[in-house]
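Input: a single structure, listed below in structure tokens.
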Amino acid sequence: GKSENKFYKFTVIDQGKGIAKADMPLIFERLYRGDKNRSSKIPGHGLGLALAKEIAKANQAGLSVSNNPSKGATFSLIVTHLYT
């Protein structure tokens, strides 16, 4: 049979204020929490996105983010294969 290059893209778009430009390269780092003024008010340890990135990588998938500061952030998971 002929092999086809198929992929699946899962996208989550939020309606928040977006991610600060300076935070963009760091958001997938362990323990990183942006917006220092709000970080003490928001629960969490800064591990969620780092773990998501590692899980994606372990499953040969890609996780990325794009940003529109006035309209929020867009996270995309691209999977080149699904387990059947």
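Quick note: the coordinates plus some simple rules give every number you see, no bench work behind them. In this text the structure is predicted, and so the values were computed from the model without any measurement. All Cβ positions, glycine included, derive from the backbone under ideal geometry; neighbour counts span all protein chains shown.
Of note:
- Placed amide H near residue 61: partners under 5 Å, 5+ positions off or other chain: none
- Net charge of neighbours whose Cβ lies under 13 Å from the Cβ of residue 64, counting Lys and Arg as +1 and Asp and Glu as -1: +3
- Summarising the amide proton neighbourhood of residue 72: residues at separation of 5 or more, or on other chains, whose placed amide H is nearer than 5 Å comprise 18.
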